[in-house]
Amino acid sequence: MTFLSILCALLIEQLKPLRADNMIYAEIKSFAMRIEHWFNAGDATHGRLGWILMMAALMVPTAAIYWTLMHYELVFAAFAWNVLIVYLTLGFRHYSHYFTSIQLALNSGDEATARSLLAEWARIDTVGMETPEIIRIAVEKSLITTHRNVFGVFFWFLMPLGPAGAVMYRVSEYLARAWNEPEHMRNEAFGQFAAKAFYWIDWAPVRLTAVAFAVVGNFEDAIYAWRNFAHRWADEARGIILSAGGGAMGVRLGTPNENAAKVLPPDAALVDVSDSEDDILPGEEPNLRALQSTVGLVWRALLLWMMLLLLASSAAWLG
């Protein structure tokens, strides 16, 4: 059922992508804002209580419906519920149109349109940005988004929590951003627990995504970059994904000569690279080929996940 649920959700999303600004997401965001308004009194403990309340409010009904359907042997209804939850928590097509449009614009030499699209997608200032920088940020954004909207969801959906696990992952990822990244929340203690909780929730998925990138790409360079350069990003998860992903594609991600100890903006990926040859990330500077390489890497990693899931499901069924 797990494999078929994911497969059906992916097929449905390809045919009918869920808009990133859909009503369900809007209600969850509104709920998160209300929780922050009710609980935020400047203490980290309040953030923990707010996080637990929001998780319980969304995960308990999700799990209760699934297990109730299974208890009464309504297998098809439980399957449909799984498909619905995976469809709602996946985001494979939420932002892919940005990446595709940026790729088409750059291929046609329209840097202005590419800058505009990247600014809207990454919410950064792209005025005067050169093509290599546009490509680098687009590739980095794509790898991180794919991990958090696809592979992380897969991992937690496969856990015993089932659909509730997928909900937990996506909501915890959102709260880690919503309660820490906005200007008025950056120095607040309220979001500290949300950030720590997502770090641990994402600990295993991040590493499995990096392994998948290595397996379907240049394995040696991916592992080398992961082991030697991931720690140079201020955000450990970003460092692992971008170093392994860049190494797998033979593309040098991150910006040189930056202080990785700085507090980074949400979509930055800063890496400290010295002038020593041994300290230079493997690969070439981002170019137009890197955009196509990113598409190939993501699809190959997705197919790898699906093949492994099919094998595991077949073994369980035969057993």
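Things to note:
- In this simple spin-label model, placing a label point 7 Å from the Cα along the Cα-to-Cβ direction at both residue 304 and residue 53 gives a separation of 4.2 nm.
- Rounded to the nearest 10 degrees, the inclination of helix 2-15 to the longest alpha-carbon principal axis of the chain is 60 degrees.
- Size descriptor, Kirkwood hydrodynamic radius, that averages inverse alpha-carbon separations across the chain, Å: 20.6 Å
- Residue 27 - accessible surface, heavy atoms, 1.4 Å probe, Å² rounded to 10: 110 Å²
- For region 86-139 versus region 158-219, the gap between their alpha-carbon centres in whole angstrom: 23 Å
- In order along region 105-120, phi translates into HN-Hα couplings of 5, 5, 5, 8, x, 8, 5, 4, 5, 4, 4, 4, 5, 5, 4, 5 Hz, rounded to whole numbers, per the Karplus curve 6.51 cos²θ - 1.76 cosθ + 1.60 with θ = phi - 60° and x for Gly and Pro.
- For the pair residue 192 and residue 23, label points projected 7 Å from Cα toward Cβ lie 4.0 nm apart.
- 183, 173, ranked by accessible area, largest first (probe 1.4 Å): 183, 173
- For residue 251, distant residues with modelled amide H under 5 Å away: 284
- Within region 45-132, all pairs of alpha-carbon atoms sorted by distance into 5 Å bins from zero give the percentages 3, 12, 14, 12, 8, 9, 10, 10, 11, 8, 3, 1, 0.
- Among 199-211, 14-26, the order from most to least packed when residues are scored by Cβ within 10 Å on average: 199-211, 14-26
- Gain in span if fully extended, residue 313 to residue 7, counting 0.36 nm per residue against the direct Cα distance: 108.9 nm
- This model, with +1 at the C-beta of Lys and Arg and -1 at the C-beta of Asp and Glu, gives the chain a dipole about its Cα centre of some 1020 debye.
- Length gained when the stretch residue 124-residue 203 is fully extended (0.36 nm per residue, less Cα-Cα span): 25.8 nm
- Heavy atoms of residue 59 accessible to a 1.4 Å probe, total area in Å² rounded to 10: 30 Å²
- Think of a 1.4 Å ball rolled over the protein heavy atoms: the chain then has 50 Å² of accessible area per residue.
The values are calculated or read from the model by the stated rules, or taken from the named source; none is laboratory data. These figures come from a predicted structure and were not determined experimentally. All Cβ positions, glycine included, derive from the backbone under ideal geometry; neighbour counts span all protein chains shown. For accessibility, only protein heavy atoms count, side chains too; no ligands or nucleic acids. Shrake-Rupley method; radii C 1.70, N 1.55, O 1.52, S 1.80 Å.
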